[in-house]
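My questions will all concern the structure given below.
The values are calculated or read from the model by the stated rules, or taken from the named source; none is laboratory data. Note that the structure is a prediction, hence the values are computed from the model and not measured. Using ideal geometry, Cβ is built from the backbone for each residue, glycine included, and neighbour counts are taken over all protein chains shown.
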Amino acid sequence: MDRRVVRILKSLGLWKRFVVMLILRSPFDFLNAVLGANMLERFLRIAQQQDAQNLQRNFWSFLLFTVLLFGYNATIWATVSVRADMLFHERLRTRLFETMLSQTQQEMEERSAGDWITRLNSDVDKTANYLTEPINFMHRSIAIVNLVLSSVVLMILNAKLYLAAILVMIPFFFLGAVIVIRKIPTYRKKAQEAFATYVSWMEPIVNAGEAIRIFDGGQITLQKVEEASKEILRENMRAHRLTAFSSLVNIFSGNLGYLLLLLMGNSMMGSEVRDFAQLSKITQYRGEMMRSVMCVSNCQSRMKANLSGAIRVEEVLGKKSQ
Amino acid sequence: MRNLRLLLKRNRIWVGVAVLAAIFSNLSQMIYTYYVGELANRIVGRTMIGLAFLAVLGGFLVSNAVTQFLNQYFGRFAAEKMAHSLRMGYATRLLRKATNDREGLSVSSAMSVAQNELAQADAYLGNTFFDVFGMAFTGILATIFLLLQDILLTLTLLLPTVLILVYVRFSSRKLSGIVSSTQTEKARMNQVVYSAVSAFPAVKVFDGEALCKGAFRKRLLAWEGHATKNGRWHALYNTLSGILSRVPLLLLLLVGGYMVIRENIQIGTLIVFLNLQKSLTLSIMNLPSWLSGFQVFTTNLSRVEIE
Amino acid sequence: MIELKNVAFTYQEKIVFQELSLKVEKGQKVGIVGESGCGKSTLLRLIAGLYRPAEGGVTVDGENDPEKISQKVSIVLQTPMLLPLTIRENITMGHAFSEEWIRQVCAASNLTKWIETLPNGIDTYLGDRADELSGGQAQRIAIARAMCKNAQVLLLDEPTSALDGENAAAVLEALDHFGEDKTVLHVTHRPEHLVGYDRILRMEGGKLLEANASCAWRAVSL
């Protein structure tokens, strides 16, 4: 977690509560992965062994485990997590509001009214989002726990297959998520700027409509608007091309890893791999690893965006302590 | 819908290319999945996996990735071309109005449409439109493909998913009411902040800090009440949704397991169903949110006059 | 030749003119004065084909279709109505003109000196300099644009309202020189700008009165 957010949590007296919440929520994805992988293994083994009697019993027991696991998550979410979230909002908003009121007129004028309002409203939301909203810190922590523990399980189940999975995953992940995706925000920003240029044309079109008519300027006006619009298209397509390429890489590496595990597992069948059911379980854990890596990568950009709010909030809180 | 039809018509070639790319991509994925099922059959049956089979499997592995790239690329390109037509259509219409009758024309309304309705419709076209249609294609083609594999197993997958769809629709309606009231309370709380900042000199001169703090506290607690309720309902509904979404998979394993034991299907067919199950259930379960998003998009689009 | 026959015009449900008639011969210079809001600018817009009369007809050089009339006239309005383009593009509106002609109109509208101080000269993009552009500079670009079109009918709606005295005098002189062989209709609330004009009309209550029909006003104003 970013040290600035830690400082905010500590200054609000919520650090310990937040750590407890994190510990309680973080194993959920991994436990769900264990449940899913074992469910698949059990059912496939029963089918392979022609053990029809055990099918229904398995169905009900896995349904029960699912209810218990999701029930646990709901309980933690609805009690501990929601309460911590509310306390965070309550304490931070109150602290910021009181800090603002304690300023002198001169200090207030150092920032515009709009800036103050943004810091007191949307920046608090961003800071809270960083901590608890989906695809942010909490999700990333849950995904990291899942990644680490799934890796450990996979390694215990079969070290060779684990190594094969890692060897396929790392270069492709590096290519897709690290090199390709990183450039997307730049293109998005340029597309936004081009959109602003496009929108800025609406005012002169309306205001100078009569001059455009008399001096036959419709063509040049539309030509310039089209330039802006095409620039939006170009920049967006640059971003889309990278997304599409990243998806190519992900699908290729995902499928390649899966096939590699099936083929290697086939050659180990009866010795290092018990049966097809266990092989399927191994591929499930590999899938969880890939999913977690993607989740961590997706969380990074959202967290970065929300961190900007936390930094601005900390600036105001720091002002008081000075 | 008139505007959407117009945009589709103006870019019919690229839309056609995108549709073809989506069909090829889905077909490629299904054939690849079918061969993975075949591989599973050979592993379970301890049959020899020949080089020719591996070459075919490898070929479909590559074609699956490549067609997915083409699908994404052409889908996005068609959507971006439509967004470009929308922007130009609006500018052309505005120019015609500005140089002719000018009736009901004002800078503020022209800017407002460009910054709100047009911007939102534009963003939807660029980011979501393609996904929605892509997933719809996947849903339809995957259903047909699975029906061709086994009707009973497909129904085992589809029927509970449709029931979940009903639940998702119901819960999203219930949640949107709670979200809306929480947002109203938040707007009121933010309004106090806005007033305090705007009237700061008066607050200082007339010693109104305590009054402001009291007003803020009152609004904060009111919002907190709603937000807590909102958080708890979200936890409950999402948990139920999570449990329910596992039911089709469990039923598939149960019914599929029986069918494998009775030798109605091979284990490879079950693997095909397991691999396609997620994309199929996801596309069905997301239907309500797609529809509401699409509705917002068409409403925005209808408010943009284009030529 | 400009001719208005029994023109009626309503703007936002308010009657501006009823049975308004006017005939301006080719090459004639006509000044129109009157109080603010009496409809002088509306009259120019009707003649320019920007508005369609509710009744009656407007003919300019034998043309009565407003779209085509617009092609035959040049206009300078109170607001310069510039676009976020370069100075050259604002003057030519994207049409092909010779460099020499563009240079001449810039000189005539008193723009040359200022343009020479700009790093990109006449190709300076106005969008980046919107804050630095004074009202006078903007209006002079609008005047250059009107000159550049070189239409036979020149309509002027308070063209020097944003200029200081010295600039205004120079621009008026340039417009006079430029409009020598053209039909000119000049709307202004400053009658001293109409010295040397063939006719001066006063707009009052939606009617046009010949100035010599109200001698008292003419004596006071000129």
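Does A:VAL249 qualify as being closer than 30 Å to A:ASP2 by Cα and touching a helix residue (DSSP H, G or I) at 6+ places or on another chain (Cβ under 6 Å)? Even if it seems obvious, please write down each step before you answer.
Working: closer than 30 Å to A:ASP2 by Cα: no; touching a helix residue (DSSP H, G or I) at 6+ places or on another chain (Cβ under 6 Å): yes.
It is false that A:VAL249 is closer than 30 Å to A:ASP2 by Cα and touching a helix residue (DSSP H, G or I) at 6+ places or on another chain (Cβ under 6 Å).
Also: Within segment C:42-67, how many residues turn out to be in a loop (DSSP other than H, G, I, E, B), touching a residue at least 24 places away in the same chain (Cβ under 8 Å) and farther than 14 Å from C:LEU185 by Cβ?
To start, the set of residues in segment C:42-67 that are in a loop (DSSP other than H, G, I, E, B) comprises C:48-54, C:61-62, C:64-65.
Right, trim to touching a residue at least 24 places away in the same chain (Cβ under 8 Å) and you get C:48-49, C:51, C:53-54, C:61-62.
When the remaining residues are screened for being farther than 14 Å from C:LEU185 by Cβ, the result is C:51, C:53-54, C:62.
Total meeting the criteria: 4.
All but one of (1) facing another protein chain (nearest Cβ under 7 Å); (2) touching a residue at least 60 places away in the same chain (Cβ under 8 Å); (3) surrounded by fewer than 19 Cβ atoms within 10 Å (Cβ to Cβ) hold for B:SER241; state the number of the condition that does not hold.
(1)
Here is a list: C:TYR125, C:TYR51. Which entry is buried (at least 19 other Cβ atoms within 10 Å of the Cβ) and within 14 Å of chain A (Cβ to nearest Cβ)?
Numbers: C:TYR125 fails: buried (at least 19 other Cβ atoms within 10 Å of the Cβ).
After applying the criteria, what remains is C:TYR51.
Okay, next question. I need a count of the residues in segment C:153-179 that are part of a helix (DSSP H, G or I) and closer than 17 Å to C:THR42 by Cα. Steps first, please.
Initial filter on segment C:153-179 (part of a helix (DSSP H, G or I)): C:165-178.
From what's left, closer than 17 Å to C:THR42 by Cα: none.
Residues in segment C:153-179 being part of a helix (DSSP H, G or I) and closer than 17 Å to C:THR42 by Cα: 0 in total.
Only one of (1) within 30 Å of B:PHE200 (Cβ to Cβ); (2) modelled with pLDDT of 90 or more; (3) part of a helix (DSSP H, G or I) fails for A:PHE65. Which number is that?
(1)
Got a sec? Which helices (runs of 4 or more DSSP H) wholly within segment C:77-127 have at least 3 residues that are in contact (Cβ under 8 Å) with a residue 24 or more places away in the chain? Write out each step before concluding.
On the way: elements: C:87-92, C:99-108, C:112-117.
So the answer is C:87-92, C:99-108.
Next question. Quickly run through segment B:40-59 and pick out the residues that are crowded, with 21+ Cβ neighbours inside 10 Å and either outside the structural domain of B:GLU117 (by TED's automatic domain parsing) or in contact (Cβ under 8 Å) with a residue 24 or more places away in the chain (or both). Let's see the steps before the verdict.
So in segment B:40-59, the residues crowded, with 21+ Cβ neighbours inside 10 Å come out as B:40, B:43-44.
If the condition is that a residue be crowded, with 21+ Cβ neighbours inside 10 Å and either outside the structural domain of B:GLU117 (by TED's automatic domain parsing) or in contact (Cβ under 8 Å) with a residue 24 or more places away in the chain (or both), then B:ALA40, B:VAL44 are the ones that fit.
Name the one entry in B:ALA222, B:ALA202, B:ALA215 that is more than 9 Å from chain A (Cβ to nearest Cβ) and under 16 Å from A:GLN103 (Cβ atoms). Working first, answer last.
Details: B:ALA222 fails: under 16 Å from A:GLN103 (Cβ atoms); B:ALA215 fails: under 16 Å from A:GLN103 (Cβ atoms).
Matching residue, one of B:ALA222, B:ALA202, B:ALA215: B:ALA202.
Same structure, new question: Which members of segment B:93-105 meet the condition of being facing chain A (nearest Cβ under 7 Å) and either farther than 15 Å from A:PRO204 by Cβ or without any contact (Cβ under 8 Å) to a residue 12 or more places away in the chain (or both)?
Keep residues of segment B:93-105 that are facing chain A (nearest Cβ under 7 Å), which gives B:94-95, B:98-99, B:102, B:105.
Those that are facing chain A (nearest Cβ under 7 Å) and either farther than 15 Å from A:PRO204 by Cβ or without any contact (Cβ under 8 Å) to a residue 12 or more places away in the chain (or both): B:LEU95, B:ALA98, B:THR99, B:ARG102, B:LEU105.
Continuing with this model, one more query. Looking only at segment A:273-322, which residues are within 14 Å of chain B (Cβ to nearest Cβ) and outside any helix (DSSP H, G or I)?
Hits for segment A:273-322 are A:VAL273, A:ARG274, A:ASP275.
Would you confirm, using the coordinates I've provided, whether C:GLN152 is within 14 Å of chain A (Cβ to nearest Cβ) and buried (at least 21 other Cβ atoms within 10 Å of the Cβ)?
Numbers: within 14 Å of chain A (Cβ to nearest Cβ): yes; buried (at least 21 other Cβ atoms within 10 Å of the Cβ): no.
For C:GLN152, the condition - within 14 Å of chain A (Cβ to nearest Cβ) and buried (at least 21 other Cβ atoms within 10 Å of the Cβ) - is not met.
Rundown of residues vs (1) modelled with pLDDT of 90 or more; (2) more than 24 Å from the chain's Cα centre (by Cα); (3) closer than 30 Å to B:VAL255 by Cα, yes/no style:
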{"residue": "B:LEU163", "(1), (2), (3)": "no, no, yes"}
{"residue": "B:LYS174", "(1), (2), (3)": "no, no, no"}
{"residue": "B:ASN190", "(1), (2), (3)": "no, yes, no"}
{"residue": "B:VAL205", "(1), (2), (3)": "no, yes, no"}
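Among the helices (runs of 4 or more DSSP H) lying completely within segment A:149-238, list those that include at least 1 residues that are within 12 Å of chain B (Cβ to nearest Cβ) and under 27 Å from C:GLY94 (Cβ atoms). Working first, answer last.
Numbers: elements: A:159-173, A:184-200, A:202-207, A:209-214.
So the answer is A:184-200, A:202-207, A:209-214.
While we're looking at this one, here's another question. Answer with yes or no whether B:ARG87 is under 15 Å from B:ASN3 (Cα atoms) and within 7 Å of chain A (Cβ to nearest Cβ).
Numbers: under 15 Å from B:ASN3 (Cα atoms): yes; within 7 Å of chain A (Cβ to nearest Cβ): yes.
The answer is yes for B:ARG87.
Evaluate the following for B:LEU220: is it modelled with pLDDT of 90 or more, more than 27 Å from the chain's Cα centre (by Cα), surrounded by 16 or more Cβ atoms within 10 Å (Cβ to Cβ) and within 28 Å of A:ARG83 (Cα to Cα)? Let's see the steps before the verdict.
Working: modelled with pLDDT of 90 or more: yes; more than 27 Å from the chain's Cα centre (by Cα): yes; surrounded by 16 or more Cβ atoms within 10 Å (Cβ to Cβ): yes; within 28 Å of A:ARG83 (Cα to Cα): yes.
Taking the combined requirement at face value, the residue satisfies it.
For A:ARG17, state whether it is at pLDDT below 90 and more than 10 Å from chain B (Cβ to nearest Cβ).
On the way: at pLDDT below 90: no; more than 10 Å from chain B (Cβ to nearest Cβ): yes.
The answer is no for A:ARG17.
Hey, could you check segment B:250-304 for residues that are touching a Gly at 6+ places or on another chain (Cβ under 7 Å) and within 30 Å of B:ASN3 (Cα to Cα) and say which is farthest from the other protein chains (Cβ to nearest Cβ)?
Filtering segment B:250-304 for residues that are touching a Gly at 6+ places or on another chain (Cβ under 7 Å) and within 30 Å of B:ASN3 (Cα to Cα), the one farthest from the other protein chains (Cβ to nearest Cβ) comes out as B:ILE284.
So, in segment B:136-149, exactly how many residues are farther than 12 Å from B:VAL19 by Cα and under 22 Å from the mean Cα position of the chain (by Cα)? Give the steps one after another, and end with the answer.
The first filter runs over segment B:136-149 and keeps only residues farther than 12 Å from B:VAL19 by Cα, leaving B:139-149.
Those left that are additionally under 22 Å from the mean Cα position of the chain (by Cα): B:139-144.
Result for segment B:136-149: 6.
For B:LYS229, indicate whether it is within 10 Å of chain A (Cβ to nearest Cβ), over 30 Å from A:VAL67 (Cβ atoms) and either β-branched (Val, Ile, Thr) or surrounded by fewer than 18 Cβ atoms within 10 Å (Cβ to Cβ) (or both). Working first, answer last.
Values: within 10 Å of chain A (Cβ to nearest Cβ): yes; over 30 Å from A:VAL67 (Cβ atoms): no; either β-branched (Val, Ile, Thr) or surrounded by fewer than 18 Cβ atoms within 10 Å (Cβ to Cβ) (or both): yes.
In short, no.
Looking only at segment B:208-224, decide whether some residue is free of Cβ contacts under 8 Å to residues at least 40 places away in the same chain and part of a loop (DSSP other than H, G, I, E, B). Spell out the reasoning first.
Filtering segment B:208-224 down to residues free of Cβ contacts under 8 Å to residues at least 40 places away in the same chain leaves B:208-222, B:224.
Going one step further and asking which of them are part of a loop (DSSP other than H, G, I, E, B), we end up with B:208.
Yes, because at least one residue in segment B:208-224 is free of Cβ contacts under 8 Å to residues at least 40 places away in the same chain and part of a loop (DSSP other than H, G, I, E, B).
Search segment C:131-152 for residues being part of a loop (DSSP other than H, G, I, E, B) and among the polar types (S, T, N, Q), and hand back the single one that is nearest to C:CYS106 (Cα to Cα). Break it down stepwise before answering.
Kept after step one, since they are part of a loop (DSSP other than H, G, I, E, B), are these residues of segment C:131-152: C:131-134, C:150-152.
From what is left, the residues that are among the polar types (S, T, N, Q) are C:134, C:150, C:152.
Working: C:SER134: 16, C:ASN150: 13, C:GLN152: 19 Å.
So, considering only residues that are part of a loop (DSSP other than H, G, I, E, B) and among the polar types (S, T, N, Q), the one nearest to C:CYS106 (Cα to Cα) is C:ASN150.
I'd like to check something: does segment C:68-75 contain any residue that is surrounded by fewer than 19 Cβ atoms within 10 Å (Cβ to Cβ), within 25 Å of B:ASN100 (Cβ to Cβ), touching a residue at least 24 places away in the same chain (Cβ under 8 Å) and aliphatic (A, V, I, L, M)?
Checked segment C:68-75: no residue is surrounded by fewer than 19 Cβ atoms within 10 Å (Cβ to Cβ), within 25 Å of B:ASN100 (Cβ to Cβ), touching a residue at least 24 places away in the same chain (Cβ under 8 Å) and aliphatic (A, V, I, L, M).
A further question on this structure: B:VAL197 versus (1) within 26 Å of the chain's Cα centre (by Cα); (2) surrounded by 19 or more Cβ atoms within 10 Å (Cβ to Cβ): which is the lone unmet condition?
All conditions pass for B:VAL197, except number (1).
Inspect segment B:226-245 for any residue being assigned by TED's automatic domain parsing to the domain that holds B:PRO160, outside any helix (DSSP H, G or I), charged (D, E, K, R) and farther than 30 Å from A:PHE62 by Cβ and give the result as yes or no.
Applying the first criterion (assigned by TED's automatic domain parsing to the domain that holds B:PRO160) to segment B:226-245 yields B:226-245.
If we keep only those that are outside any helix (DSSP H, G or I) too, we end up with none.
Checked segment B:226-245: no residue is assigned by TED's automatic domain parsing to the domain that holds B:PRO160, outside any helix (DSSP H, G or I), charged (D, E, K, R) and farther than 30 Å from A:PHE62 by Cβ.
Of the residues B:LEU125, B:LEU157, only one is over 30 Å from B:GLU305 (Cβ atoms), of a type in the set (A, V, I, L, M) and either assigned by TED's automatic domain parsing to the domain that holds B:ALA215 or in a helix (DSSP H, G or I) (or both); which? Before the answer, list the steps.
Details: B:LEU125 fails: over 30 Å from B:GLU305 (Cβ atoms).
After ruling out the rest, the residue left standing is B:LEU157.
Moving on. In segment B:60-80, what residues are touching a residue at least 40 places away in the same chain (Cβ under 8 Å) and more than 7 Å from every other protein chain (Cβ to nearest Cβ)?
Result: B:THR67, B:LEU70, B:ASN71, B:PHE74, B:GLY75, B:ALA78, B:ALA79.
Quick check on segment A:56-93: of everything there that is among the β-branched types (Val, Ile, Thr) and touching a residue at least 12 places away in the same chain (Cβ under 8 Å), which residue is nearest to B:THR228 (Cα to Cα)? Step through it out loud before you land on a result.
Our first condition is that a residue be among the β-branched types (Val, Ile, Thr); within segment A:56-93, this holds for A:66-67, A:75-76, A:79-80, A:82.
Filter once more, so that each one left must be touching a residue at least 12 places away in the same chain (Cβ under 8 Å): A:66, A:76, A:80.
Details: A:THR66: 26, A:ILE76: 14, A:VAL80: 11 Å.
Going through the qualifying residues, I end up with A:VAL80.
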